[in-house]
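The values are calculated or read from the model by the stated rules, or taken from the named source; none is laboratory data. These figures come from a predicted structure and were not determined experimentally. No Cβ is skipped: glycine too gets one built from the backbone with ideal geometry, and neighbour counts run over all protein chains shown.
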Amino acid sequence: MPHQHDAHCGHESTEHDHDHDSTDLGPKDNLFSQIDRANVVALNASGPGSTIIKPWHERLDEEKDDQMIIRIPFTGSVKLRSLLLKTGPTDQTPLKVVLYSNEDSFDFQDITDKTPTQEFTVAPGREVGEYALRTAKFSNVSSVSLFFPQSQGADTIQIYYVGFLGLWTERKLSAPVTVYETQANLADHEKNPGYRRRAEYAASLKSSSLRKQRIMYLSCISLLLASKNRLPLRCIMYK
């Protein structure tokens, strides 16, 4: 059985007073502000899916259909601990709710091919029901899809409110990975004319330096031989 949240309202269905206190924010870890409401999708709903994603104080407004799929994306990565549902009354309560984590696209034709992440029998009641989720299966969630297959006897399902409790983490962009060469390979840069010219210029400087050293060494040998009995001259080679 789900835990019940007091709805603070003595009326059911369309007879309730809509003038609720907007300062009633509900549980502190309610993820309403982290839901990407503009991109909520509802299949077979009489209105936009975002109409049932609402602040806590508006949880008694209704949505009716005989079968429904609702896909709810989040603005970051969330770890969910509870699903909040306000449905009914009586036989307009969904028979069950089936949850799918991080399923981006499906419809009524292929939903039976998907493996549910978790499902619950929905208990009729006048208050918001809290259904505990397996946090290990809902620990890195970007979206949740809810499937309501049928009512508990009526021709339509009535949904007032859907919400979640949990933790939200801002989605971070991956930093680019840069690999640096410990030693440049000219063959890896054949298509880079600038790199090839610089490499060729460096090689020519090295070759020119070696030629100068060789000429200076031979000059010193010649001077030593020419001096005969004189003291050998000291030859200093500069690089």
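The number of residues in the range 103-131 that are free of Cβ contacts under 8 Å to residues at least 60 places away in the same chain and under 28 Å from the mean Cα position of the chain (by Cα) comes to 15.
Checking each residue in the range 84-102 for being surrounded by 17 or more Cβ atoms within 10 Å (Cβ to Cβ) and within 20 Å of the chain's Cα centre (by Cα) picks out L99, Y100, S101. Residues in the range 132-155 that are aromatic (F, W, Y) and more than 19 Å from the chain's Cα centre (by Cα): F147, F148.
Hey, any hits in the range 69-78 for a residue that's at pLDDT below 90 and aliphatic (A, V, I, L, M)? Checked the range 69-78: no residue is at pLDDT below 90 and aliphatic (A, V, I, L, M).
A search for C-beta distances below 6 Å between a residue of the range 26-52 that is at pLDDT below 75 and any residue that is among the small types (G, A, S), counting only pairs 6+ apart in sequence or on different chains, returns G49/A42.
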